[in-house]
1. Residue by residue through segment 150-158, which ³J(HN,Hα) values in whole Hz follow from phi under the Karplus form 6.51 cos²θ - 1.76 cosθ + 1.60 (θ = phi - 60°), with glycine and proline marked x?
2. Separation between the ASP112 and ARG158 pseudo-spin-labels, each 7 Å from Cα along Cα→Cβ, expressed in nm?
3. Quick one: 3J(HN,Hα) in Hz for segment 43-58, Karplus 6.51/-1.76/1.60 with θ = phi - 60°, rounded, Gly and Pro as x.
Amino acid sequence: MAEHRQLQQTALLDAARVLLAEGGREALSFGALAARTGLARSSVYEYFRSKSELVEALCTVDLPLWAAEIEAGMAVRDSAVERIEAYVRGQVSLATDPVHRAVVAVAEYELDDAARARIRAAHAGLTAMVVRTLEELGHDRPGVAASLLQGVVEAAVRQVERIRGEDGTPGARAVEEIADTAVRFALDGLRPATGPTTDPVDGRADGSCGAGSSDGIGADAR
């Protein structure tokens, strides 16, 4: 029975992803889920008591997987600068995934602060990785730097959202240009207040200073 319940719950989450990708958050309803999975509408409530509970389950499953993709992209890079670049590009790339966009959008609309806090806790590994990388770059308060870095990423993602083509998806060239700009902006601004840093483009040492130190994506200020 437990295995059957798990299979049905997985089928409901899969159907929710399809509905969100095809029609956005307005398309996600228990009636539509029932039609997609062949269940009675009342049966859907046996697995999720509300749409908010369904959305939280989606986020609990999907967001750590997306975070793991970004972690994997960072882990194979040799230098701290390259890992920051992978962090930025990974998130901008995710913004082109219709399922990711829809899940994030519906989470913003459906979840309360407590649910969002539980989901953020699932990102602890990614946050820790960014903070460690910023420590390598010489930041005294890497948590603040991480928070500011995430602000750059979120601004880039909003730009990607604004450039959808006729098919509803942003063009690859435009996305690449936004990612390039975000990477340069982030790396220039994340240079520590003292000491040389390596230019990400040509590898030359650059003694110029950026915006100083910082601290955050949910990390405690140091």
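FYI, it's all coordinate maths here, none of it is from the lab. Values in this document were obtained by computation on a predicted structure and should not be read as measured data. Ideal geometry is used to build each Cβ from the backbone, glycine not excepted, and the neighbour counts take in all protein chains shown.
1. 5, x, 4, 4, 5, 5, 5, 4, 5
2. If labels sit at ASP112 and ARG158, their model points lie 2.7 nm apart.
3. 6, 4, 5, 6, 9, 9, 6, 7, 5, 4, 5, 4, 5, 5, 4, 4
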